[in-house]
Amino acid sequence: MKRGFYLVMAAQALSSLADNALFIAAIALIEELHGPDWMTPVMKWSFALAYVLLAAFVGAFADSYPKGRVMFVTNALKVAGCLLMFSYASLGLMPAHQIYLVSAAYALVGVGAAAYSPAKYGIVTEMLPPHMLIKGNSWIEGLTVFSIILGTALGSALISPVVSHTLREFALVRHLAHTPAEAAILVIAVVYLVAAVCNLLIPNTHVRYPPQQKNPAKLILTFGGYVRILWKDRLGQISLAVTTLFWGAGATLQLIVIEWGRQQLGYKLSQASILMLVAAVGTVIGSLLASRVPLRRALDVLPVGALMGVVVLAMPFVEATWSVYALLLLIGGLAGFFVVPMNALLQHRGHVLLSAGHSIAVQNFNEQLNILLMVAIYTVLLYLNLPISIVIFIFGSAVALLMVVFIRWSYNNVRKTPELLDQIGQEGHGQALEHGRH
């Protein structure tokens with residue numbers, strides 16, 4: 001691995017760590033302001049919505065400048081979101097309106113995250129050869145999930161009375177922050193700043209792309225064409241379908257696990273949150289094991305995704321703590337093992353057909369759109385007062401059946417186009433764009 005790649009990993013780990021810690025701090029700030037419960041899911045939606053609404057533009061932005069600089073600018077935007085959130089009481093707003101400023105500030109961080117993602121994943125394809133992509137992605141994905149674990153723990157610790165009191169013993173913090181949430185937001189802003197410094201140290205890869213479109217209407221039309229290119233490609237459509245399903249299912253599974261812990265296991269919220277972290281640890285392990293899978297064998301892991309859906313069906317039947325943890329570790333491990341090769345295949349194919357930035361923007365658009373859809377369906381199921389065991393059955397069965405469909409789809413593609421597997425690992429980028437020009 002090149003030195004620059006380790007800087008990318010460090011910047012990604014710190015930025016993701018801060019993203020997850022900030023969500024906890026923002027919830028604490030809304031509680032301090034006595035905001036309504038529905039503001040929490042609204043923040044979550046606004047964060048994901050930024051990926052969908054900006055998908056047509058962030059790929060062009062990422063491919064217009066050196067990606068290390070793009071990552072620096074977007075991390076700086078996250079710092080701005082932190083400072084806006086911190087200044088909720090300094091802008092003359094009525095207390096009832098301050099909670100909306102907090103939500104808007106978190107949405108601004110979501111804008112930074114949406115613009116950061118194509119540069120983060122795109123620079124991996126610029127730094128590493130195709131045969132190293134799965135290994136590189138396994139580290140990126142493993143660090144991302146690990147940072148989710150640490151970020152959740154960091155956010156919870158920063159707003160705790162003991163840590164908050166310790167922080168406010170420092171004169172500068174005591175002068176600026178008056179509540180635990182405010183002190184936490186200050187610390188998180190510093191983490192973003194450290195990530196931004198790592199971004200500045202990333203060497204220029206000197207990969208250049210054709211001049212990018214700047215007209216918003218044309219960008220949207222062009223982006224629609226990029227989406228069609230990946231969905232029509234026989235390799236791209238499978239990897240895109242699988243990763244889209246995975247991220248929507250992953251976001252929904254987080255909510256299901258917490259509700260399952262409450263309803264069936266009788267856990268408090270703090271205990272139920274630990275279950276989510278256990279599954280995340282399993283995902284880290286699965287992601288690291290997946291680094292041994294060659295890129296040319298990426299399609300071979302599809303049955304693991306179907307197996308994950310089947311294993312989810314066992315959740316209502318376990319109650320002992322050791323069995324609960326073991327099952328969640330297995331679910332997370334299966335998820336990490338099958339998504340990393342598919343993610344690498346999608347990035348490779350997107351890079352070959354389009355470009356690093358545009359292909360990741362297409363991926364984010366589909367994944368975040370599915371997150372919004374699946375979380376909405378889950379919310380409706382809860383609104384109908386269905387037992388969590390029924391929700392788990394619907395969820396696990398849907399994932400398993402869809403993965404069977406994708407396996408059959410992939411088999412038919414390879415049968416119709418035997419040379420398809422030879423396209424995995426080929427060099428070059430922007431082939432579909434070049435064909436379009438001719």
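The values are calculated or read from the model by the stated rules, or taken from the named source; none is laboratory data. A quick note: this is a predicted structure, and the numbers were derived from the prediction, not measured. For neighbour counting, all protein chains shown are included, and Cβ atoms are generated from backbone atoms with ideal geometry for every residue, glycine included. Each accessible area value is taken on the protein alone, full model and side chains, heavy atoms only, with ligands, DNA and RNA left out. Shrake-Rupley method; radii C 1.70, N 1.55, O 1.52, S 1.80 Å.
Points to keep in mind about this one:
- Considering only GLY112, GLY225, GLY250, the Gaussian network model of the chain with Cα springs below 10 Å gives its largest mean-square fluctuation to GLY225.
- Gain in span if fully extended, LEU172 to VAL194, counting 0.36 nm per residue against the direct Cα distance: 6.1 nm
- Cα centroid of region 175-232 to Cα centroid of region 1-70, whole Å: 8
- Springs join every pair of Cα atoms under 10 Å in this Gaussian network model of the chain, and among SER164, SER90, SER239 the largest mean-square fluctuation is at SER90.
- Within a Gaussian network of the chain (alpha carbon springs, distance under 10 Å), most fluctuating of ALA177, ALA113, ALA290: ALA177
- Net length available on complete extension from VAL318 to ASN413 is 30.3 nm, with 0.36 nm assigned per residue and the Cα-Cα distance removed.
- Using a Förster distance of 45 Å, the FRET efficiency for TRP231-ALA76 (Cβ separation, nearest 0.05): 0.85
- Once the Cβ-Cβ distance of TYR100 and LEU384 is raised to the sixth power relative to R0 = 30 Å, the FRET efficiency obtained is 0.50.
- Kirkwood hydrodynamic radius over Cα pairs of the chain, then Stokes diffusion coefficient at 25 °C and 0.890 mPa s, in µm²/s: 110
- Loop sites in region 1-100: trypsin sites (Lys or Arg not before Pro), DSSP, at most 13 other Cβ within 10 Å: LYS2
- Rounded D (µm²/s) - region 1-138, Kirkwood Rh over Cα pairs, Stokes-Einstein at 37 °C, 0.692 mPa s: 204
- Axial C-alpha extent at least 18 Å, average Kyte-Doolittle at least 1.6 - helices from the chain (DSSP): 180-201, 269-289
- Accessible surface of ARG408 - all protein chains present, 1.4 Å probe, nearest 10 Å²: 140
- Note: relative contact order over region 71-221, using C-alpha pairs below 8 Å and six or more positions apart, is 33 percent.
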